[in-house]
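To keep things clear, I will list the structure first and then write my remarks on it.
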Amino acid sequence: MRAPKSAVAERLAGAPISWGVCEVPGWGVMLPPERVLAEMRALGLRASELGALGYLGDAPEEIRALLERFDLGAVGGFVPLVVHDKAARDELRRAAESAASLLSGSGGTYFVTAAVADESWSEPPALGAPEWDAAAEGLSIVEEICDAHGLVQVLHPHVGTIVELASHLEEVLERSAVAWCLDTGHLAIGGADPVAFAEAHADKVGLVHVKDVDLGLAAAVRSHEMSLLEATKAGMFRSLGRGDVDVAGVVAALESRGYGGWYVLEQDTTIDPAEADRVDPGADVKGSVEYLLKAAGSAQ
């Protein structure tokens, strides 16, 4: 049964990176949390992801209190983990346990796993069948930790991780029942069709990150001719409807198949220090909200 027309408006969330907040060195200025959260709520968003580690606070009660000030819930957070290396299982358990404790204590629901090559986000290696088997085993370890904390693990295909390309998705799908964070932008950058993924795997989608991209620049990132940061500064990520991704098609596919989770507006952006006093990233988010609500209405 299709969701009521008003349901998507109740399921819109934001991500601080849409306001330039990112932990990557050299990414740019991070605007104050009070400004970001106030603008999220003014745009009608109902919840926020936690963003860069420590951005909203270092303790669960601190994060909860800050979000409550702006009448926002907590979606969850992005957690880079090494899941394919059997020799690093102790560190995997330690890192996953620490992140799960913070996320659940802050009121979050989703544990967004990014399967990185190592803690430094080194160039991802080419994996063979044994390493993919180990990655599936690692995801199961994280799943157990998430279950113990009342969290839903969702695997996030992401540039610069071992789950980057369309072929990588198939390796995981063959081996693991893990739920997915369907990121419309990163799927497209990796050469996958987000609409086809939504149509084929809607029952496995636990969370959606909504972004639009310039596929010309995405091709340069996929071939590693350009870094994600370089492409972001060059304008690869676009306000919804202004790039090359069929975001409306993704929404239609998911809504028609009963998806009832969050749509997190997550348009990666960078803020140059020289322009920090003049930028208005909320204006781009506003345009994306309007586009998404229109797309949701057409999907009913």
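The values are calculated or read from the model by the stated rules, or taken from the named source; none is laboratory data. Please read all numbers here as calculations on a predicted model, not as lab measurements. Quick reminder, even Gly has a Cβ in these numbers, built from the backbone with ideal geometry, and neighbours come from all protein chains shown.
The table below gives the values:
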{"read-out": "Verdict on residue 122 being over 17 Å from residue 95 (Cα atoms), hydroxyl-bearing (Ser, Thr, Tyr) and surrounded by fewer than 18 Cβ atoms within 10 Å (Cβ to Cβ)", "value": "yes"}
{"read-out": "Test: residue in region 55-67 that is under 18 Å from the mean Cα position of the chain (by Cα), buried (at least 20 other Cβ atoms within 10 Å of the Cβ) and among the β-branched types (Val, Ile, Thr)", "value": "no"}
{"read-out": "Answer residue from region 244-278, given it is closer than 28 Å to residue 32 by Cα and without any contact (Cβ under 8 Å) to a residue 60 or more places away in the chain and is surrounded by the most Cβ atoms within 10 Å (Cβ to Cβ) among those", "value": "275"}
{"read-out": "Residue in region 134-143 that is under 30 Å from residue 94 (Cα atoms), surrounded by fewer than 18 Cβ atoms within 10 Å (Cβ to Cβ) and of a type outside the set (Gly, Ala, Ser) present", "value": "yes"}
{"read-out": "Test for residue 205: is it surrounded by fewer than 21 Cβ atoms within 10 Å (Cβ to Cβ), under 20 Å from residue 9 (Cβ atoms) and touching a strand residue (DSSP E or B) at 6+ places or on another chain (Cβ under 6 Å)", "value": "yes"}
{"read-out": "Tabulated pairs, region 54-67, first under 16 Å from residue 78 (Cα atoms) and in contact (Cβ under 8 Å) with a residue 12 or more places away in the chain, second crowded, with 17+ Cβ neighbours inside 10 Å and not aliphatic (A, V, I, L, M), C-beta under 7 angstrom, 6+ apart or interchain", "value": "55/16; 55/33; 56/33; 60/106; 63/57; 63/106"}
{"read-out": "Answer residue from region 48-76, given it is of a type in the set (Gly, Ala, Ser) and assigned to a loop (DSSP other than H, G, I, E, B) and is farthest from residue 263 (Cα to Cα) among those", "value": "59"}
{"read-out": "Failed item, numbered, when residue 74 is tested on (1) surrounded by fewer than 19 Cβ atoms within 10 Å (Cβ to Cβ); (2) over 30 Å from residue 234 (Cβ atoms); (3) among the small types (Gly, Ala, Ser)", "value": "(1)"}
{"read-out": "Count of residues meeting criterion [without any contact (Cβ under 8 Å) to a residue 60 or more places away in the chain and exposed (fewer than 13 other Cβ atoms within 10 Å of the Cβ)] in region 30-53", "value": "3"}
{"read-out": "Any hit, region 272-295, residues being within 23 Å of residue 160 (Cα to Cα) and of a type outside the set (D, E, K, R)", "value": "no"}
{"read-out": "Counted residues, region 33-54 - those being modelled with pLDDT under 95 and within 24 Å of residue 289 (Cβ to Cβ)", "value": "2"}
{"read-out": "Of residues in region 77-93 being small (Gly, Ala, Ser) and assigned to a helix (DSSP H, G or I), the one surrounded by the most Cβ atoms within 10 Å (Cβ to Cβ)", "value": "88"}
{"read-out": "Residue within region 221-229 that is in a loop (DSSP other than H, G, I, E, B) and basic (Lys, Arg) present", "value": "no"}
{"read-out": "Meets criteria (free of Cβ contacts under 8 Å to residues at least 24 places away in the same chain and farther than 28 Å from residue 8 by Cα) for residue 290", "value": "no"}
{"read-out": "Meets criteria (of a type outside the set (Asp, Glu), free of Cβ contacts under 8 Å to residues at least 24 places away in the same chain and part of a helix (DSSP H, G or I)) for residue 196", "value": "yes"}
{"read-out": "Residue check for residue 174: surrounded by fewer than 16 Cβ atoms within 10 Å (Cβ to Cβ), among the acidic types (Asp, Glu) and closer than 30 Å to residue 59 by Cβ", "value": "no"}
{"read-out": "Residue that is farthest from residue 125 (Cα to Cα) [pool: residues in region 148-183 that are touching a residue at least 40 places away in the same chain (Cβ under 8 Å) and either assigned to a strand (DSSP E or B) or aromatic (Phe, Trp, Tyr) (or both)]", "value": "152"}
{"read-out": "Count of residues meeting criterion [acidic (Asp, Glu) and more than 19 Å from residue 265 (Cα to Cα)] in region 197-222", "value": "2"}
